[in-house]
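These notes concern the structure reproduced below.
The values are calculated or read from the model by the stated rules, or taken from the named source; none is laboratory data. On a predicted model such as this, the values are computed, not experimentally measured, just so you know. All accessible areas refer to the heavy atoms of the entire protein, side chains included, with ligands and DNA or RNA removed. Shrake-Rupley method; radii C 1.70, N 1.55, O 1.52, S 1.80 Å.
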Amino acid sequence: MLDAFSKAVVSADASTSVVSDLGSLREFVAQGNRRLDAVNAIASNASCMVSDAVAGMICENQGLIQAGGNCYPNRRMAACLRDAEIILRYVTYALLAGDASVLDDRCLNGLKETYAALGVPASSTVRAVQIMKAQAAAHIKDTPSDENAGGKKRIMGAPVVEDRCASLVAEASSYFDRVIAALS
Ligand SMILES: CCC1=C(C)/C(=C/C2=NC(=C\c3[nH]c(/C=C4\NC(=O)[C@H](C)[C@H]4CC)c(C)c3CCC(=O)O)/C(CCC(=O)O)=C2C)NC1=O
């Protein structure tokens, strides 16, 4: 597993050069509190995000909870909720580290093949991941809408910066996109 620092060392070592990209590491440190707030925005809303994403996936495809569907019976429903939570958790680890390797190595490696072997519909998982991607963006920006969040809307109240952490939203989105690509 790599993070922004160890990755700079590994890539310098691969070309037998000194660590050179100090500018981006300096930026990583300078923006560290924003990154922690972004991770916290996801982690402290995780159970709501997971249940809402899986509920949305099922609303759009109710065959999943009928006999023969992969969220039927309750044992599979529980496994599905657990998987969505695992995926979201590894996305938060990647966001904290500033590097995707922990997500790639410990979560996505072989997941598509596992799903194929078990008959888990990857396209439905992708839909749940897309919903979590949208939720994560709203939570990092701290702009959940009444329309989508309803009575569960929760404003974190972290200090607001002008761009609403656009680069962290983009980075988190890229990790969700990685999950989607790995399952597609
Ligand atoms: C650390 C990383 C890690 C991951 C990612 C992981 C995934 C994972 N999901 C599994 C099952 C499963 N995953 C699902 C998921 C779903 N079914 C649906 O219809 C939805 C589309 C979707 C939820 C979004 C289901 C239903 C099963 C059980 C399938 C079965 O037993 O028939 C299994 C088989 C073993 C088990 O049931 O526990 C694994 C290994 N395990 C890990 O250790």
Average Cα contact separation per residue, the stretch 32-183, under 8 Å, 6 or more apart, as relative contact order %:
30
Where a Cα-Cα gap under 18 Å defines reach, which lysines qualify for residue 153, not counting those fewer than 8 residues away within the same chain?
133, 141
Percent carbon-and-sulfur accessible area, the chain, ignoring ligands, DNA and RNA, probe 1.4 Å:
54
Among 100, 14, 137: highest mean-square fluctuation, GNM of the chain, C-alpha pairs under 10 Å
14
Rounded to the nearest 500, what is the 222 nm mean residue ellipticity of the chain from helices alone, with -39500 (n - 2.57) per DSSP H run of 4+ residues and division by all residues?
-21000 deg cm²/dmol
Apply the a/c threshold of 1.5 to the C-alpha gyration tensor of the stretch 124-167 and tell me whether it is rounded, prolate or oblate.
oblate
Over the C-alpha atoms of the chain, what are the Rg and the largest Cα-to-Cα span, Dmax, in Å?
18.0, 60
